[in-house]
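The values are calculated or read from the model by the stated rules, or taken from the named source; none is laboratory data. Since the structure is predicted, the reported quantities are computational estimates derived from the model, not experimental observations. Every residue, glycine among them, receives a Cβ derived from its backbone with ideal geometry; neighbour counts consider all protein chains shown. Accessible surface areas use protein heavy atoms only, side chains included; no ligands, DNA or RNA. Shrake-Rupley method; radii C 1.70, N 1.55, O 1.52, S 1.80 Å.
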Amino acid sequence: MAGPTSQSRVPKACDPCNRRKVRCNGQQRCQQCEHLDLLCTYTENRLLRSRKHSLRRGAVISKYKSANTNTKTTTLTPLLSPPAPTASLQLPTSYFESLLPAYMSYVYPFSPIITETEVRTSITKMNTEREHAAFVYAFTAVTLDLTRSSQFTTKSSPQPASTQITDLMRQSVETQQPLVIGFRPSILRATTSIFIQMCAMSLGHYDLGFFHLREAISMIQMLRISDKTVNASLSTAERARRQRLYWQCFIHERFMSIVNFSPVTLPPHTQYPEEDTFVGADIQQGWTQVIKTFCMLDASFISLWIGDRTQVTASWVERKYRELDDALWEVEVSALSELQQADLVITRQWMRTLLWQMAMSNCLLSSHASCPSLELEMPLRLSSQLRQFLTKISQNTIRVHGSSMISKLLEIVNTIADVVIHVPQATREETTSRIDDIVFMQGVVLSFHNLQVMPKDILLDKFRLIRGRFPHIEVAMQLAV
């Protein structure tokens, strides 16, 4: 019978096969070693080939597995290909590309760092380079987070949006190149961290969001973005992009400081981003307005918000109110897109609410104050103004701003509800108008798909209190129970 004896004999077996006295095919990594995951080596030492020095097969396998394991843990071999995606993330290239229009419409105007062309480049490189793969997963997650009520998630994935976004975040983090000696920071890596932070905030994981934001801040400090000497050698476009990245981290850190009571590390950059021909004038104008707005959350504001509010004075409140009540700002913002206006107008009203809360914390409010931010009923006027603005824009324009918009609206609506519940009794007409505004704001806030359970329950409890306190007001019955 022909069988194995008819096969051509190899000139030399590998060391593991030789010791175990099994057939070896003589390849660089032979079939036996491949199957048993052994370290396949060849040596001219005849002692290894003698029957006298041979070992039992099990001992050889054990020994070589141990050697193989030790080699794997001590050899620093760079991994070019990212880990294989989980079953839920086996997405075709066309899927990532299909999100580009949404990314450019809803993400890029507020994060003008990585262009459409650069995203496409990352998509083509994601199967060979970790950094690009990690960015693509983060880009997909943040785009879905801001547009999940649209066509981008209903047809391509049967999963709940939060599950898909969580999977994408995890895949992005697991794919990243580890931060080891020799690591080189990049704009792409910093932007990836920002996108993960945005998604973590949307899912209610504020500590995780804080961690990834600090990672992005570490990247811009390692890149020395605020160093004029380093930036002098860069092109105007690259320098402007780095300036925008710095300001984005500044804005996100200031926002997180308010909602999470965390300290800040970044001072304002020494200048606004330079004009960049690769970024549209409308995006640049809107971006500059966002920067100006968040610069009002200066060191004194942050210190008083997260620290000792007994240091809040009436003169300081009046000064900050004048900064927020800028007629020129209103004219400039009116020329921007509806999407940009929604972000800026609601952010300003949110800041007015924060200022009023700080004044209230130090018992500075009265019914006859000279400054609106020191009046007891200021949030009620704020409610009326905000309602007038929100009726002029589409609900989707508000929702695509994601978790930051939810946080701001919750702060505003909770404050308005508190005032309706606790202010001195008003006329029936005034009370009806106030509650009508609350009913409208309720519809706006509860329309957000990712409203977290705890803040939602707190808000609903306040709505129930309003219903109970004003049973004679018919519009109060429209509040959620």
Within region 407-441, restricting to residues that are among the polar types (S, T, N, Q) and free of Cβ contacts under 8 Å to residues at least 24 places away in the same chain, the one that is most open to solvent (accessible area, probe 1.4 Å) is Gln425
Given (1) at pLDDT below 90; (2) open to solvent by 70 Å² or more (accessible area, probe 1.4 Å), Gln159 misses just (2)
Boolean, Val331 is surrounded by 15 or more Cβ atoms within 10 Å (Cβ to Cβ), more than 30 Å from the chain's Cα centre (by Cα) and farther than 18 Å from Asp418 by Cα
no
Of all helices (runs of 4 or more DSSP H) fully inside region 285-386, the set with 2 or more residues that are among the basic types (Lys, Arg), in contact (Cβ under 8 Å) with a residue 24 or more places away in the chain and within 26 Å of Thr397 (Cβ to Cβ) is 338-361
Those residues of region 334-347 which are open to solvent by less than 50 Å² (accessible area, probe 1.4 Å) and of a type outside the set (A, V, I, L, M, F, W, C) amount to Gln340, Gln341, Asp343, Thr347
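Looking at this structure, is Ser300 among the hydroxyl-bearing types (Ser, Thr, Tyr) and over 30 Å from Ile114 (Cα atoms)?
Working: among the hydroxyl-bearing types (Ser, Thr, Tyr): yes; over 30 Å from Ile114 (Cα atoms): yes.
Spelling it out, Ser300 is indeed among the hydroxyl-bearing types (Ser, Thr, Tyr) and over 30 Å from Ile114 (Cα atoms).
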All conditions in (1) open to solvent by 30 Å² or more (accessible area, probe 1.4 Å); (2) among the hydrophobic types (A, V, I, L, M, F, W, C); (3) more than 25 Å from Glu338 (Cα to Cα) are true of Ile196 except (1)
**Message:** Tell me whether region 238-247 contains one or more residues that are surrounded by fewer than 15 Cβ atoms within 10 Å (Cβ to Cβ) and part of a helix (DSSP H, G or I).
**Reply:** yes
Those residues of region 387-406 that are more than 17 Å from Ile435 (Cβ to Cβ), among the basic types (Lys, Arg) and either surrounded by fewer than 19 Cβ atoms within 10 Å (Cβ to Cβ) or without any contact (Cβ under 8 Å) to a residue 40 or more places away in the chain (or both) come to a total of 1
Scan region 238-254 and give yes if some residue there is under 20 Å from His401 (Cα atoms), in contact with a helix residue (DSSP H, G or I) (Cβ under 7 Å, 6 or more places away or on another chain) and β-branched (Val, Ile, Thr), otherwise no.
yes
Per the list (1) under 15 Å from Pro379 (Cβ atoms); (2) in a helix (DSSP H, G or I), residue check on Glu429 breaks on (1)
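Can you tell me which of Leu354, Leu364 is in contact with a Leu (Cβ under 9 Å, 6 or more places away or on another chain), open to solvent by 30 Å² or more (accessible area, probe 1.4 Å) and not charged (D, E, K, R)? If you could, list the steps in order and put the result at the bottom.
Details: Leu354 fails: open to solvent by 30 Å² or more (accessible area, probe 1.4 Å).
None of the others qualify; the one that does is Leu364.
Given the condition without any contact (Cβ under 8 Å) to a residue 12 or more places away in the chain, touching a helix residue (DSSP H, G or I) at 6+ places or on another chain (Cβ under 9 Å) and open to solvent by 10 Å² or more (accessible area, probe 1.4 Å), answer yes or no: does some residue in region 273-282 qualify?
Here is the first cut: in region 273-282, the residues without any contact (Cβ under 8 Å) to a residue 12 or more places away in the chain are 280-281.
Narrowing further to those that are touching a helix residue (DSSP H, G or I) at 6+ places or on another chain (Cβ under 9 Å): 280.
Remaining after also requiring open to solvent by 10 Å² or more (accessible area, probe 1.4 Å): 280.
Checked region 273-282: at least one residue is without any contact (Cβ under 8 Å) to a residue 12 or more places away in the chain, touching a helix residue (DSSP H, G or I) at 6+ places or on another chain (Cβ under 9 Å) and open to solvent by 10 Å² or more (accessible area, probe 1.4 Å).
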For Thr192, the lone unmet condition from (1) of a type in the set (Val, Ile, Thr); (2) more than 12 Å from the chain's Cα centre (by Cα); (3) assigned to a helix (DSSP H, G or I) is (2)
Counted residues in region 202-237 being open to solvent by less than 30 Å² (accessible area, probe 1.4 Å), in a helix (DSSP H, G or I) and modelled with pLDDT under 90 come to 2
Cβ pairs under 7 Å, 6+ apart or interchain, first in region 177-203 and within 19 Å of Thr128 (Cα to Cα), second acidic (Asp, Glu), ordered by first then second residue, are Gln177/Glu131; Ser186/Glu131; Leu188/Glu131; Arg189/Glu131
Please indicate, with yes or no, whether at least one residue in region 253-263 is modelled with pLDDT of 95 or more and of a type in the set (Asp, Glu). yes
Legend entry - Filter pass, Thr270 being more than 26 Å from Met405 (Cβ to Cβ), among the hydroxyl-bearing types (Ser, Thr, Tyr) and either part of a loop (DSSP other than H, G, I, E, B) or open to solvent by less than 50 Å² (accessible area, probe 1.4 Å) (or both): yes
